[in-house]
Amino acid sequence: MKAVDIADQIHRELGSPTDVGIAAISFWIRTSIGALNNHLNITYEINQSSYEIERDVNGTTTEIGINETAVLKKMYEIHFYDIKLRSVLAAASTDAVIALSSDGSSIKKVNKNEQAKLYAGARNTLSEELHNMVHAYRLNDVQPLQVAGDDDQSSYILPNREYIRIRKY
């Protein structure tokens with residue numbers, strides 16, 4: 001799958017925000033493949049001619065899977081809310097007026113602290129989800145290094161199609 005295809009999916013899933021485009025998301029994806037590799041303990045690379053995200057497994061080239069794509073999307077969501085949080089905190093010193101009325105003399109301002117808390121809460125939730133996704137991915141990919149003990153078929157006898165354990169004394 002190409003980085004721009006994943007970027008398009010991310011852009012649509014975020015509700016097509018106007019402050020960030022598909023090209024910017026695609027650039028972030030291409031520069032964050034190393035972070036994905038570190039999270040999942042794999043080795044994906046960007047093919048420089050086709051911009052496909054792929055890896056070489058025993059001489060066979062495979063493209064990025066749906067599980068890895070989901071982790072990459074979650075990583076971008078965290079990045080997206082980090083940007084939002086930084087912009088709110090940077091603008092906290094200025095007051096944004098969202099409503100005025102002349103006869104009743106009322107002014108309504110945006111509470112930057114509440115907005116920052118909202119973005120920080122969303123970011124923390126996404127970070128926890130990313131941690132859980134990475135943990136589940138690693139558990140799903142675990143295979144035993146060796147089978148120790150007498151757990152092979154030679155320690156069983158097979159009468160009546162059932163395995164019966166032989167006790168060795």
Point to revise | Failed item in (1) touching a strand residue (DSSP E or B) at 6+ places or on another chain (Cβ under 9 Å); (2) polar (S, T, N, Q); (3) more than 17 Å from Leu130 (Cβ to Cβ), with Ser49 passing the rest | key: (1)
Exercise for review: For residues that are of a type in the set (Gly, Ala, Ser) and loosely packed, with under 15 Cβ neighbours inside 10 Å, scanning just region 17-52, find the one that is farthest from the chain's Cα centre (by Cα).
Suggested key: Ser49
Point to revise | Evaluation of Val71 against (1) without any contact (Cβ under 8 Å) to a residue 40 or more places away in the chain; (2) surrounded by 15 or more Cβ atoms within 10 Å (Cβ to Cβ) (one fails), failing number | key: (1)
Exercise for review: Kindly indicate which of Arg55, Arg12 is on the phi < 0 side of the Ramachandran plot, surrounded by fewer than 14 Cβ atoms within 10 Å (Cβ to Cβ) and either basic (Lys, Arg) or at pLDDT below 90 (or both).
Suggested key: Arg12
Practice item. Take region 18-42 and flag every residue that is in contact with a helix residue (DSSP H, G or I) (Cβ under 9 Å, 6 or more places away or on another chain), without any contact (Cβ under 8 Å) to a residue 60 or more places away in the chain and in a helix (DSSP H, G or I). Key: Ile22, Ala23, Ala24, Ile25, Ser26, Phe27, Trp28, Ile29, Arg30, Ile33, Ala35, Leu36
Practice item. Residue by residue through region 43-56, note down the ones that are within 17 Å of Thr69 (Cβ to Cβ) and assigned to a strand (DSSP E or B). Key: Glu45, Ile46, Glu52, Ile53, Glu54, Arg55
Point to revise | Per-region count, region 112-136, residues in contact with a Leu (Cβ under 8 Å, 6 or more places away or on another chain), at pLDDT 85 or above and crowded, with 17+ Cβ neighbours inside 10 Å | key: 2
Check your understanding: Asp141: surrounded by fewer than 15 Cβ atoms within 10 Å (Cβ to Cβ), within 29 Å of Ile29 (Cβ to Cβ), modelled with pLDDT of 80 or more and not hydrophobic (A, V, I, L, M, F, W, C), yes or no?
Key -> no
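The values are calculated or read from the model by the stated rules, or taken from the named source; none is laboratory data. A quick note: this is a predicted structure, and the numbers were derived from the prediction, not measured. Counting neighbours? That spans all protein chains shown, and the Cβs are built from the backbone with ideal geometry, glycine included.
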